[in-house]
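The values are calculated or read from the model by the stated rules, or taken from the named source; none is laboratory data. For clarity, every value in this text was computed on a predicted model and none was experimentally measured. Every residue, glycine among them, receives a Cβ derived from its backbone with ideal geometry; neighbour counts consider all protein chains shown. Surface areas here come from the heavy atoms of the whole protein model, side chains and all, with no ligands, DNA or RNA. Shrake-Rupley method; radii C 1.70, N 1.55, O 1.52, S 1.80 Å.
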Amino acid sequence: MRIRFLSWAVAAMLAWPVPSHAADRLTVMLEWFVNPDHAPMIVAQQKGLFEAAGLDVELIPPADPSSVPRLVAARQADVGVHYQPNLYLDHAAGLPLVRFGTLVETPLNTVTVLADGPIKTLADLKGRKIGFSVSGFEDAMLKRMLAAEGVALDEVELVNVNFALTSSLLGGQVDATVGGFRNFELTQIRLAGGEARSFFPEEHGVPVYDELIFIAHKELSSDDRLGRFLRAVEEASIFLTNHPDEAWSLFFAAYPDLDDELNRQAFRDTLPRFAKRPAALDRGRYERFGAFLAESGLIDKAPAVEDLAVEIGG
């Protein structure tokens, strides 16, 4: 009788629901509206990789893209997607931010011209009009690229076209644009009936840099949520590399309104640029790029790498 009672008690205990621990919440402020640049995070959500890491991740497109570093610095978001060049400017402005991971590990920025136009080399831009959207880093980038071809920045005319890079180039208002992303603008121009080609900064004197990085408040750099977040992103990035078609389906299932020719091509063009080791920090790359920004006059002095970037444990 006693054995029968113990058996019943054990069975009852096994059948009783075990309380589950709530996942740790993590808010991620994107640098722009959702697009294929964010595919590793979308795939990590769709495959349950964040959930498996004990995270409840919320991806938030910003109302104002320029506000992302300030919101992260004010602890109104845990993580921000940001640009490596801008991180140095934020550091110089005193924002308590740190890079803890990489999303897109190559530059995307370009100088773009029409393929059938008169600009065959960067030297041909002398005396021409170049459209831009945002000044600052792009001015320094353009100056270095032109200098590599013997052209001074004051020998070109810079025209603020807001964010109408494609239409201003196709419409003939400018002879080239700076700031268009190679994984979007070339396709956008083709879909509008033109053909374009791009000059890449890393091939014309500008040190290689990470286009998109993950930032957090310095006080969060030891928060174990960040390591778990990066492990899930890494697993998703490897999945994207190994199974691009399935990853494509997961991405567009989550955002069916993006399933058009522009975003499908952008998805393909961005695949080889995602960081396969997002937690890894290339100190030499950060040192070289900081020196470039200091030489360009955008910051007074290149900061020590550890002052604005960390490599957290897995």
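Tabulated values for the structure
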| quantity | calculated |
| --- | --- |
| Dipole of the stretch 128-194, positive direction: furthest Cα of A152, G194, T166, with charges on the beta-carbon | G194 |
| Unit charges on C-beta of K, R, D, E only; dipole of the stretch 109-203, Debye | 140 debye |
| Charge sum, other residues only, whose C-beta stays under 11 Å from F214's C-beta, Lys/Arg counted +1 and Asp/Glu -1 | -2 |
| Estimated dipole of the chain in Debye, rounded to 20 [Cβ of Lys and Arg +1, of Asp and Glu -1, Cα centre] | 840 debye |
| Where the chain is the region considered: accessible area per residue in Å², 1.4 Å probe | 48 Å² |
| E234 - accessible surface, heavy atoms, 1.4 Å probe, Å² rounded to 10 | 80 Å² |
| Largest-first principal axis extents of the Cα set of the stretch 166-314 (Å) | 49, 43, 23 |
| Computed [θ] at 222 nm, deg cm²/dmol, the chain (DSSP H ≥ 4; -39,500 (n - 2.57); rounded to nearest 500) | -11000 deg cm²/dmol |
| Over the stretch 176-251, equivalent-ellipsoid semi-axes from the Cα gyration tensor in Å | 31, 21, 11 |
| Neighbour net charge for N263 - beta-carbon separation under 11 angstrom, K R +1, D E -1 | -4 |
| L191 - accessible surface, heavy atoms, 1.4 Å probe, Å² rounded to 10 | 80 Å² |
| Percentage, to the nearest whole number, of Cα pairs in the chain over 32 Å apart | 35 percent |
| Per-q log10 I(q)/I(0), the stretch 68-165, q = 0.14, 0.22, 0.25 Å⁻¹ (Debye; single scatterer per alpha-carbon; no solvent) | -0.68, -1.15, -1.34 |
| Unit charges at the beta carbon, dipole of the stretch 109-203: most positive-side option, A140, V113, F184 | F184 |
| Net +/- balance of residues flanking Q173 in space, Cβ distance below 15 Å, scoring K and R +1, D and E -1 | 0 |
| Of A63, A53, A22, the one that fluctuates the most in a GNM where the chain has Cα springs shorter than 10 Å | A22 |
| Per-residue HN-Hα couplings for the stretch 179-188 [Karplus 6.51, -1.76, 1.60; θ = phi - 60°; Hz; x = Gly/Pro] | x, x, 8, 5, 8, 10, 4, 4, 5, 4 |
| Ellipsoid equivalent to the stretch 109-203 - semi-axes via the Cα gyration tensor, in Å | 19, 13, 13 |
| Antiparallel DSSP beta bridges within the stretch 109-203, as percent of all bridges there, nearest 5 | 50 percent |
| Set of lysines near K47 by C-alpha distance (under 20 Å), chain-local residues within fewer than 8 positions excluded | K276 |
| Portion, in percent, of the accessible area of the stretch 109-203 that falls on carbon or sulfur, probe 1.4 Å | 49 percent |
| The stretch 120-147 versus the stretch 77-105: alpha-carbon centroid distance in Å | 25 Å |
| Whichever lysines have a C-alpha closer than 26 Å to that of K143, once near sequence neighbours (fewer than 8 apart) are set aside | K120, K126, K129, K301 |
| The chain - share of DSSP beta bridges that are antiparallel (%, nearest 5) | 50 percent |
| Projected label distance in nm at E58 and E149, using a 7 Å step from Cα toward the beta-carbon | 4.7 nm |
| Pair A164, W32: separation of 7 Å Cα→Cβ label points (nm) | 1.9 nm |
| Gaussian network model of the chain, Cα within-10 Å springs - most flexible of H38, H243, H204 | H243 |
